[in-house]
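K.L.:
The structure under discussion is supplied below as structure tokens; questions concerning it will follow.
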Ligand code: 7TS
């Protein structure tokens, strides 16, 4: 995989920020879009913009073919059995909220337990807090090891026959931990619970096979994998989705409407009330074609290499601390520099054209566990190179010198 050639396909990367060439290290927040995706979305608006599933006119048929064709691309990409199991949503947050609001509120009582981890993004934490609040169910946490991993032994102790739902992130957006989803799923199923996976940080970077994981629900966002914002996916096993009630009611999702009652369309459309995210889905289809043309295995290998290189190089900086496991980690490095607030680190780096994220990364309980108020984070994708990490290293050295001088 040649990251330098791949960069050329991302027009946004060819610019200067604050007088320096842009070094974009914030792809865990959102990725950039290759020209293929930008053009596919523009083509929809330029030549066949229409609503789907209703018009018999020609453009409407093209739009429906584009939208439903994208669904089939997603199905293949995650290896779902049927397109009935692929629901387009606004993103991971919406997808997880559908499972919490529709499945969990129906199935949980005050006798039941919901099991998650302290490393979850707020999107996979607050929906479950809300289910617990409304149903009286108990929210339980699988404890973390000091390096930010979880032990199957602890999973075994936390999940019980009272557990109804287990929901765990595939890859941590802060620690870079890759969780053993297939093994956790087995333990959930042995106890009669369903398994929900937050795949926001795995799907863009590694091959995901929902049948191999055997999870019941899997959520991800298009914008982190080269697609536009505003499109995401909820995968769910058909037998579960069939029994679930929609959470949004209105046009598009109905079959027959009477004055006092209505019936729903079949899957997946019963969960897609209103005009759907047509351009977004078409963009996601183009992003999948793009990622598959490069190969998810190649992308994963490249990011592994970058993460190892970054940890080795940045660890040479006096006062540099990173969080999360040392090995088997995803392509991001969350860190702090002694005596410099992470917001100052990010602001100083920005003045050199280097974009990193600072803050709690939507994981406040995890920050508490790490005993920090915030961190900085550099996250990598297929267009990043070792030179980007060298720039980060040089930027951090200059940042340290500057703040050492100010505070020293
Ligand atoms: N889950 C994980 C693991 C995430 O990293 C994110 C977004 C979400 C869920 C929510 O995704 P959304 O597309 O619905 O917003 N994570 C980040 C991040 O790490 N920095 O900015 C957004």
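No value in this document is a laboratory result; all are computed from the given coordinates. Bear in mind that the values here come from a model prediction, so they are computed numbers and not experimental data. Here Cβ is always computed from backbone atoms with ideal geometry, including for glycine, and neighbour counts include all displayed protein chains.
K.L.:
Provide, in order from the shortest bin, the percent of all Cα-Cα pairs of the range 258-408 in each 10 Å bin, continuing until the bin that contains the maximum pair distance.
P.N.:
Here the calculated profile for the range 258-408 is 9, 30, 26, 17, 10, 6, 2, 0.
K.L.:
A further question on this structure: For the range 343-398, what is the convex hull volume of its Cα atoms per residue in Å³? Spell out each step's value before the answer.
P.N.:
On the way: hull volume 5.2 nm³, N = 56.
Looking at the range 343-398, the number lands at 93 Å³ per residue.
K.L.:
Could you list 362, 226, 108 so that the one with the fewest beta carbons within 10 Å of its beta carbon is first and the one with the most is last?
P.N.:
Working: 362 17, 226 29, 108 22.
By the 10 Å Cβ count, ascending: 362, 108, 226.
K.L.:
With a bin width of 10 angstrom, please list the P(r) values of the range 246-317 as percents of all Cα-Cα pairs, from the 0 bin to the one holding the largest distance.
P.N.:
Reading the bins upward from 0: 16, 24, 18, 18, 14, 8, 2, 0.
K.L.:
Same structure again: Can you tell me how the range 46-173 classifies by the Cα gyration tensor, rounded, prolate or oblate, using a/c under 1.5 as the rounded cut? Numbers along the way, then the final one.
P.N.:
On the way: a/c = 2.98, a/b = 2.16, b/c = 1.38.
Prolate shape, in that a/c is at least 1.5 and a/b is the bigger ratio.
K.L.:
Let me know the whole percent of all Cα-Cα pairs from the range 1-47 that are separated by more than 16 Å.
P.N.:
More than 16 Å apart: 51 percent of the Cα pairs in the range 1-47.
K.L.:
Across the range 140-289, how large is the tail of the calculated P(r) beyond 25 Å, expressed as a percent of all Cα pairs?
P.N.:
Taking all Cα-Cα pairs of the range 140-289, the fraction more than 25 Å apart is 41 percent.
K.L.:
With a 10 Å Cβ neighbour count serving as the proxy for reagent exposure, in which order, fewest first, do 1, 244 appear? It would help to have the intermediate numbers written out before the result.
P.N.:
Values: 1 13, 244 18.
Fewest-to-most Cβ neighbours within 10 Å comes out as 1, 244.
K.L.:
Of 377, 71, 54, which is the most mobile in a GNM of the chain whose springs link Cα atoms less than 10 angstrom apart?
P.N.:
54
K.L.:
Taking other Cβ within 10 Å of each residue's Cβ, how do 206, 195 sort, fewest first?
P.N.:
In increasing order of surrounding Cβ atoms, one gets 206, 195.
K.L.:
Please give the Cα centre distance for the range 259-284 versus the range 288-304, rounded to the nearest Å.
P.N.:
31 Å
K.L.:
Distance from the Cα centre of the range 164-179 to that of the range 188-243, in angstrom?
P.N.:
Cα centroid to Cα centroid, the span is 12 Å.
K.L.:
Under 10 Å, Cα contacts only: if you run a Gaussian network model on the chain, which one of 29, 376, 200 comes out with the highest mean-square fluctuation?
P.N.:
Top of the fluctuation ranking is 29.
K.L.:
Here's another thing I want to ask about it. Once both axes come from the Cα atoms, what is the angle between helix 181-190 and the longest principal axis of the chain, in degrees from 0 to 90, rounded to 10?
P.N.:
That works out to roughly 40 degrees.
K.L.:
For a test of the definition: using alpha carbon positions, the gyration tensor, and the 1.5 limit on a/c, classify the range 16-104 as rounded, prolate or oblate.
P.N.:
Judged from the Cα gyration tensor, the range 16-104 comes out oblate (a/c at least 1.5, b/c at or above a/b).
K.L.:
Considering all alpha-carbon pairs of the chain, what whole percent are spaced by more than 33 angstrom?
P.N.:
It works out to 36 percent of all Cα pairs.
K.L.:
Grab the DSSP H runs of the chain that are 4 residues or longer, score each as -39,500 (n - 2.57), total them, divide by all residues and round the 222 nm result to the nearest 500 deg cm²/dmol.
P.N.:
Mean residue ellipticity at 222 nm (helix-derived): -11500 deg cm²/dmol.
K.L.:
Let me have the relative contact order for the range 85-204, percent, based on Cα pairs under 8 Å that are six or more residues apart.
P.N.:
Numbers: 195 pairs, mean separation 30.5, N = 120.
In percent, rounded to a whole number, it is 25.
K.L.:
Still on this structure: With N residues in the range 293-353, what two-decimal value do you get for its Cα radius of gyration over 2.2 N^0.38 Å?
P.N.:
In units of the globular-protein estimate, the range 293-353 measures up at 1.31.
K.L.:
If I model the range 169-213 as equal point scatterers sitting on the Cα atoms and use the Debye formula, what is log10 I(q)/I(0) at q = 0.30, 0.31, 0.34 Å⁻¹?
P.N.:
-1.15, -1.19, -1.29
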